[in-house]
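The structure appears below as structure tokens.
The values are calculated or read from the model by the stated rules, or taken from the named source; none is laboratory data. Just so you know, these numbers come straight off a predicted model, no measurement behind them. When we count neighbours, we look across all protein chains shown, and the Cβ atoms used for this are built from the backbone with ideal geometry, even at glycine. Surface areas here come from the heavy atoms of the whole protein model, side chains and all, with no ligands, DNA or RNA. Shrake-Rupley method; radii C 1.70, N 1.55, O 1.52, S 1.80 Å.
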Amino acid sequence: MTLTAQEKQELIDLANTTRQRAYAPYSNYAVGSALRTKTGHIFTGVNIENAAYPHPMCAERVALFQAVSEGEKEFEAISVVTENGGSPCGGCRQGLAEFGLDTLVLIANREGKLLKELTVKELLPEAFTPEKLDR
Ligand code: THU
């Protein structure tokens with residue numbers, strides 16, 4: 001199923017609203033994300049930091065982990081909103097790749113403007129995927 005432009009914008013707007021709940025007192029870089037399953041359910045996430053600086057959790061993986069812990073494994077698209085349109089980190093790309101290389105990634109800025117639209121495969125070429133462990 002392909003998302004309409006309106007559905008994409010809704011996923012971005014939801015991530016942007018969610019972004020207000022980011023807990024990022026150390027970096028002051030708030031990130032919001034919204035992950036849409038193939039059945040149309042949506043899970044959100046924000047980045048969550050703590051005083052031990054090297055151990056934050058990214059917004060995208062919070063959304064992904066929420067979804068997986070609710071039994072979801074098939075994803076259509078994920079939106080990521082930051083103040084300046086930053087793209088998902090390597091760890092988040094790997095986390096998304098686990099569940100499908102075709103998931104669409106919508107990258108937007110604080111105005112909710114879609115800046116880039118890529119698949120996980122495009123963001124993480126030559127990904128190490130679960131099949132690689134079939135020896
Ligand atoms: N961050 C995310 O939430 N997602 C990313 O893909 C990149 C980085 C967060 C982690 C940290 O809380 C802050 O942004 C600065 O790195």
List pairs: first in the range 6-33 and within 10 Å of N47 (Cα to Cα) and near the ligand (Cβ under 9 Å from one of its atoms), second open to solvent by 70 Å² or more (accessible area, probe 1.4 Å) and not in a loop (DSSP other than H, G, I, E, B), Cβ under 7 Å, 6+ apart or cross-chain?
Y23/I48
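Let's see how each residue does on (1) closer than 16 Å to L3 by Cβ; (2) open to solvent by 30 Å² or more (accessible area, probe 1.4 Å):
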| residue | (1), (2) |
| --- | --- |
| Y23 | no, yes |
| G45 | no, no |
| A59 | no, no |
| S87 | no, yes |
| L104 | yes, yes |
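Take the residues in the range 47-57 that are of a type in the set (A, V, I, L, M) and assigned to a loop (DSSP other than H, G, I, E, B); name whichever of them is most open to solvent (accessible area, probe 1.4 Å). Step through it out loud before you land on a result.
Initially, the range 47-57 is screened for residues of a type in the set (A, V, I, L, M), giving 48, 51-52, 57.
Narrowing the set further to residues that are assigned to a loop (DSSP other than H, G, I, E, B) leaves 51-52.
Values: A51: 75, A52: 49 Å².
Only one residue tops the list, namely A51.
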State whether one or more residues within the range 87-105 are assigned to a loop (DSSP other than H, G, I, E, B), within 10 Å of the ligand (Cβ to nearest atom), among the aromatic types (F, W, Y) and in contact (Cβ under 8 Å) with a residue 12 or more places away in the chain.
no
Looking only at the range 93-128, which residues are touching a strand residue (DSSP E or B) at 6+ places or on another chain (Cβ under 8 Å) and within 16 Å of F65 (Cα to Cα)?
L96, F99, G100, T103
Here the residues within the range 62-86 that are touching a helix residue (DSSP H, G or I) at 6+ places or on another chain (Cβ under 9 Å) and either among the hydrophobic types (A, V, I, L, M, F, W, C) or near the ligand (Cβ under 8 Å from one of its atoms) (or both) are A63, L64, F65, F75, A77, I78, V80, V81, T82
Unmet requirement for R135, which otherwise passes all of (1) more than 17 Å from L11 (Cα to Cα); (2) open to solvent by less than 20 Å² (accessible area, probe 1.4 Å); (3) part of a loop (DSSP other than H, G, I, E, B):
(2)
Condition set within 8 Å of the ligand (Cβ to nearest atom) and not aliphatic (A, V, I, L, M), scope the range 46-60, selection nearest to E83 (Cα to Cα): answer is N47
Taking the condition more than 16 Å from the ligand (Cβ to nearest atom) and under 19 Å from E70 (Cα atoms), does T2 pass?
no
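Which residues, taken from the range 1-19, are within 15 Å of S79 (Cβ to Cβ) and not in a helix (DSSP H, G or I)? Steps first, answer last, please.
Our first condition is that a residue be within 15 Å of S79 (Cβ to Cβ); within the range 1-19, this holds for 3-19.
L3, T4, listed by residue number.
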